[in-house]
Amino acid sequence: MVVLGAKGSEGNLRNLQQQTIMVSDGKMSPEDLKVCRAILAGLVSKERSKINFLFLEPVEFSYFPDYLTIIKRPMDLRTLGENLESGLYSDRGEFYSD
């Protein structure tokens, strides 16, 4: 990841931070990857099994033929993990979006 910063007034770190532009190289930073893995681990944990079981695997469309008319962008936790580990996301925002 490359960070480009515009010069702010001297000693004004906040101004510099506000003007900083992040240019992604298409690869998630190690910090973002660590955060996303921790979030995913929490979502699939056994402690949440009473509520997460519906989202662990992709929906079988053959059982729910109208599913895609209701859900425009289907996502499940297995696919989310596969996408994360395959490098599909360039930052945690893309991960959050899914």
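Among the candidates E57, E10, the residue that is assigned to a loop (DSSP other than H, G, I, E, B) and modelled with pLDDT of 95 or more is uniquely E57.
Looking across the range 42-55, the residues that are under 17 Å from Y96 (Cα atoms) and open to solvent by less than 60 Å² (accessible area, probe 1.4 Å) come down to G42, N52. Residues in the range 60-88 that are within 27 Å of E31 (Cα to Cα), small (G, A, S) and part of a loop (DSSP other than H, G, I, E, B): S86, G87.
The set of residues from the range 44-54 being part of a loop (DSSP other than H, G, I, E, B) and in contact (Cβ under 8 Å) with a residue 12 or more places away in the chain comprises just one member, V44. Taking L33, is it at pLDDT 95 or above and open to solvent by 50 Å² or more (accessible area, probe 1.4 Å)? No, not satisfied.
The values are calculated or read from the model by the stated rules, or taken from the named source; none is laboratory data. Keep in mind it's a predicted model, so treat the numbers as computed, not measured. For neighbour counting, all protein chains shown are included, and Cβ atoms are generated from backbone atoms with ideal geometry for every residue, glycine included. For the accessible areas, the whole protein counts, side chains as well, though only heavy atoms, and no ligand, DNA or RNA atoms are used. Shrake-Rupley method; radii C 1.70, N 1.55, O 1.52, S 1.80 Å.
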